[in-house]
Every structure is written in C-alpha cells, then in structure tokens.
Amino acid sequence: MKIVETYSHLNGEEYLLVHHPDLYKEIKAVIREVDASKCMTKTSKEKTMRGKKLYSPEMLNKEFRKLFHKRGWAESRYQYYVTTNRAYLQDIVNLPVDQQRDYLAAKGVKEPIKSYKQTDFVKDRIAIEVQFGKYAFVAFDLFVKHLLFYSGGVINVGIEILPVKAMTEDPNGGRMMSTGVAYYEGEVYNVLRHGRASPPVPLFIIGISP
C-alpha cells in the first residue's frame, strides 16, 4: 500500500521527524509492505452489491498487526478510575491507577469505578490505530482514546491510519469496501471543523490506498 495524503495536528508529524525519524520510516515501511490485493476476501451481503468481493477490514488489520508486531509494536492498556467530579479528575489524571483508587476512597467515594482503554500498537510513547471500521470508531480514536493516553502520560503523539476515499470506491462508481467505512478526507475534515486546538493532543493522520 502507499501513503496518499497526511495531516499533522498540533505538530504530530513534526514530533516524529524530530524525535523519532527511524520509527517514522518504520511506519512507512509497514504501510508499503501491506498487499491489499490479498485482502479482497469479503463477500458483500448488502442488497445493492450482494455477492461482490470487497476489501476485508479483518484481513487488512491482520496484515498490519503482523507487520507491526514483527517490529516490536505492542498493545497497551491504560487503566484509570472514573469520576464525574472535575476537581478530582484533575488531581488523579496523572496518578498510578492504585493511587487513583486511594484518592477517591479518601474523598468518600464508596465504590470507585475502574475502567481502561486499549491501543493496538504502542512503541516509544507513540500510539498507532489502524482503522477500516465505521465512522464512530475513528471519532472515538481521535477525540477520546488518543487524548486519554496523552493526558495520562502514556504517549506523546497519536497516529491514525485510514483509507482514502478512492480506496472505498472503484473507478466506475461501485464500492470496494462496505458502506459506512470511515475515510481519511472525511475524518480530517471533522478535525478541522473543531478548530486548530481540538482535540488537544498531537495527532498524525495518514491516508492510504493500494
């Protein structure tokens, strides 16, 4: 596959270029090594294109997972305790998870709620999400997951890898992926609409195509 377009939010790409140029090259190498033609294995069940062969998100993710794991990128989980009290949140956000519980207990919270978020690929404080799913999953990555890992001190930059619009549709106007799959142009537009400082986390969004 190849990189078609990129968008750097709050100097996400610049961070990679200055602090981790080798890992940036590694990410680009993984993208180049993915052979999307091997992943056209999904048989559509949608009424408008029943029986048509489409790119399989499951197979694409499997290929990326294999190549990133080969280079030492691993899953990371950020555990935390939930609170709706803004003052408590500000106090506990950078504390280890056990200390978060102790803090809330000391404030009289009888049953603190423990939760977590998971990112598939993390290395040297860089998180990568590869998304061939629906729009809601990408919005969650960009505006919740990367931000949570960043504010919790787990990462310094979040990377989102998405198909460009051209990958989801064939030249004749048909589809190459299921209806509703998020695409690069649309998600960058959503980020731009929120303004230059939102979400408040350095991001690097990469649009790819076969």
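The values are calculated or read from the model by the stated rules, or taken from the named source; none is laboratory data. Nothing here was measured: the structure is a model prediction, and the numbers come from that model. Reconstructed Cβ throughout: ideal geometry from the backbone, glycine too, with neighbour counts over all protein chains shown.
Things to note:
- Sole exception among (1) touching a strand residue (DSSP E or B) at 6+ places or on another chain (Cβ under 6 Å); (2) of a type outside the set (Asp, Glu); (3) assigned to a helix (DSSP H, G or I); (4) surrounded by fewer than 21 Cβ atoms within 10 Å (Cβ to Cβ) for residue 143, by number: (1)
- Pair list, Cβ < 8 Å and 6+ apart or interchain, from the range 171-185 residues that are free of Cβ contacts under 8 Å to residues at least 40 places away in the same chain to residues that are surrounded by 11 or more Cβ atoms within 10 Å (Cβ to Cβ) and in a loop (DSSP other than H, G, I, E, B): 183/164
- The range 159-177, residues that are in contact with an Asp or Glu (Cβ under 7 Å, 6 or more places away or on another chain), at pLDDT below 90 and either of a type outside the set (Lys, Arg) or more than 20 Å from residue 134 (Cβ to Cβ) (or both): 176
- Of residues in the range 77-94 being in a loop (DSSP other than H, G, I, E, B) and without any contact (Cβ under 8 Å) to a residue 40 or more places away in the chain, the one surrounded by the fewest Cβ atoms within 10 Å (Cβ to Cβ): 84
- Qualifying position, being without any contact (Cβ under 8 Å) to a residue 60 or more places away in the chain and assigned to a loop (DSSP other than H, G, I, E, B), among 62, 45, 38, 66: 45
- Within the range 115-134, the set of residues being under 10 Å from the mean Cα position of the chain (by Cα), modelled with pLDDT of 90 or more and not in a loop (DSSP other than H, G, I, E, B) comprises 119, 121, 127, 128, 129, 130.
- Any hit, the range 41-56, residues being touching a Leu at 6+ places or on another chain (Cβ under 7 Å), at pLDDT below 95 and of a type in the set (S, T, N, Q): yes
- Whichever residue in the range 1-33 is part of a loop (DSSP other than H, G, I, E, B) and buried (at least 16 other Cβ atoms within 10 Å of the Cβ) and, among such residues, is nearest to the chain's Cα centre (by Cα): 10
- Within the range 35-54, the only residue that satisfies the criterion of being more than 11 Å from residue 174 (Cβ to Cβ), surrounded by 15 or more Cβ atoms within 10 Å (Cβ to Cβ) and of a type in the set (Gly, Ala, Ser) is 36.
- Filtering the range 146-175 to residues that are part of a strand (DSSP E or B), more than 9 Å from the chain's Cα centre (by Cα) and closer than 30 Å to residue 94 by Cβ leaves only 157.
- Restricted to the range 62-84, and to residues there that are in contact with a helix residue (DSSP H, G or I) (Cβ under 9 Å, 6 or more places away or on another chain) and polar (S, T, N, Q), the residue that is farthest from residue 167 (Cα to Cα) is 83.
- If you go through the range 57-82 and keep only what is over 18 Å from the mean Cα position of the chain (by Cα) and not charged (D, E, K, R), you end up with 80, 81, 82.
- Single residue of the range 178-193 satisfying the filter (in a loop (DSSP other than H, G, I, E, B) and within 19 Å of the chain's Cα centre (by Cα)) that is surrounded by the fewest Cβ atoms within 10 Å (Cβ to Cβ): 180
Let's see how each residue does on (1) surrounded by 23 or more Cβ atoms within 10 Å (Cβ to Cβ); (2) closer than 15 Å to residue 204 by Cβ; (3) touching a Ser or Thr at 6+ places or on another chain (Cβ under 9 Å):
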position: 96; (1), (2), (3): no, no, no
position: 105; (1), (2), (3): no, no, no
position: 108; (1), (2), (3): no, no, no
position: 137; (1), (2), (3): no, no, no
position: 154; (1), (2), (3): no, no, yes
position: 160; (1), (2), (3): yes, yes, no
